[in-house]
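*Asks:* Here it is, the structure in full.
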Amino acid sequence: MADKPAGSSVTFNVRAETSFGDRLLLVGSDDALGRWNLDESVELTTTEKDYPLWMSKSIEVLEPTEYKYVRMRGDGEAVWEFDGGNRCISPADLSTASVVVDDGFFGELIGEHFS
């Protein structure tokens, strides 16, 4: 029997001010994040108590991954958080079984975001 590939159960958190009817999506280079296809992305959730904090479900990430957040407006327009650089998870980040990624604010690329 083959060993399970290295990877982690990752929960993504980001703060975003949104309008009623907006949704927040997570999309990236990993299969679990839709391979940059918004139709296969992960939808984040929030609550009245937690807002403006949006959270993903726990996602099994098996390889270093680049990703971004996308705001889907109520009218269907996709607003990607920024052009240029992507957020990323490195091999070192995947060395523990469970990881919580705190990405700060939507559209703000920060250096150290793991807790």
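The values are calculated or read from the model by the stated rules, or taken from the named source; none is laboratory data. What you see is a predicted model, and the numbers here were worked out from it, not measured in a lab. All Cβ positions, even for glycine, are placed from backbone atoms using ideal geometry, and neighbour counts span all protein chains on display.
*Asks:* List, please: which pairs have Cβ atoms under 6 Å, are six or more places apart or on different chains, and start with a residue in region 68-87 that is touching a residue at least 12 places away in the same chain (Cβ under 8 Å) and end with one that is surrounded by fewer than 11 Cβ atoms within 10 Å (Cβ to Cβ)?
*Replies:* Close Cβ pairs satisfying both conditions: Gly74/Gly21.
*Asks:* Among the listed residues Val42, Val14, identify the single one that is at negative phi and in contact with a Leu (Cβ under 6 Å, 6 or more places away or on another chain).
*Replies:* On the way: Val14 fails: in contact with a Leu (Cβ under 6 Å, 6 or more places away or on another chain).
Just one listed residue meets the conditions, Val42.
*Asks:* Which residues, taken from region 65-104, are of a type in the set (Gly, Ala, Ser) and either more than 18 Å from Thr11 (Cα to Cα) or surrounded by 13 or more Cβ atoms within 10 Å (Cβ to Cβ) (or both)?
*Replies:* Of the residues in region 65-104, the ones of a type in the set (Gly, Ala, Ser) are 74, 76, 78, 84-85, 90, 92, 95, 97-98, 104.
Residues satisfying the conditions are Gly74, Gly76, Ala78, Gly84, Gly85, Gly104.
*Asks:* Here's something else I'd like to know. Phe82: modelled with pLDDT of 90 or more and of a type in the set (Phe, Trp, Tyr), yes or no?
*Replies:* Numbers: modelled with pLDDT of 90 or more: no; of a type in the set (Phe, Trp, Tyr): yes.
No; evaluated as a whole, the condition is false for this residue.
*Asks:* So Arg35 passes all but one of these: (1) at pLDDT 95 or above; (2) surrounded by 14 or more Cβ atoms within 10 Å (Cβ to Cβ). Which condition number does it fail?
*Replies:* Only one criterion is unmet by Arg35, namely (2).
*Asks:* So which of Leu94, Leu109 ends up being at pLDDT below 95, within 14 Å of the chain's Cα centre (by Cα) and not in a strand (DSSP E or B)? Explain how you work it out, then say what you get.
*Replies:* Details: Leu94 fails: within 14 Å of the chain's Cα centre (by Cα).
Matching residue, one of Leu94, Leu109: Leu109.
*Asks:* Only one of these is of a type in the set (D, E, K, R) and in contact (Cβ under 8 Å) with a residue 40 or more places away in the chain: Asp30, Asp50, Asp103. Name it.
*Replies:* Working: Asp30 fails: in contact (Cβ under 8 Å) with a residue 40 or more places away in the chain; Asp50 fails: in contact (Cβ under 8 Å) with a residue 40 or more places away in the chain.
So the residue among Asp30, Asp50, Asp103 that is of a type in the set (D, E, K, R) and in contact (Cβ under 8 Å) with a residue 40 or more places away in the chain is Asp103.
*Asks:* In region 14-30, which residue that is more than 13 Å from the chain's Cα centre (by Cα) and more than 13 Å from Val70 (Cα to Cα) is surrounded by the fewest Cβ atoms within 10 Å (Cβ to Cβ)?
*Replies:* The selected residue is Phe20.
*Asks:* Within region 21-70, count every residue that is part of a loop (DSSP other than H, G, I, E, B) and of a type in the set (Val, Ile, Thr). Explain how you work it out, then say what you get.
*Replies:* Taking region 21-70 and keeping what is part of a loop (DSSP other than H, G, I, E, B), we get 21-22, 29-30, 34-37, 41, 44, 46-52, 56-58, 62-64.
Still in the list and also of a type in the set (Val, Ile, Thr): 46-47.
Residues that pass the stated criteria total 2.
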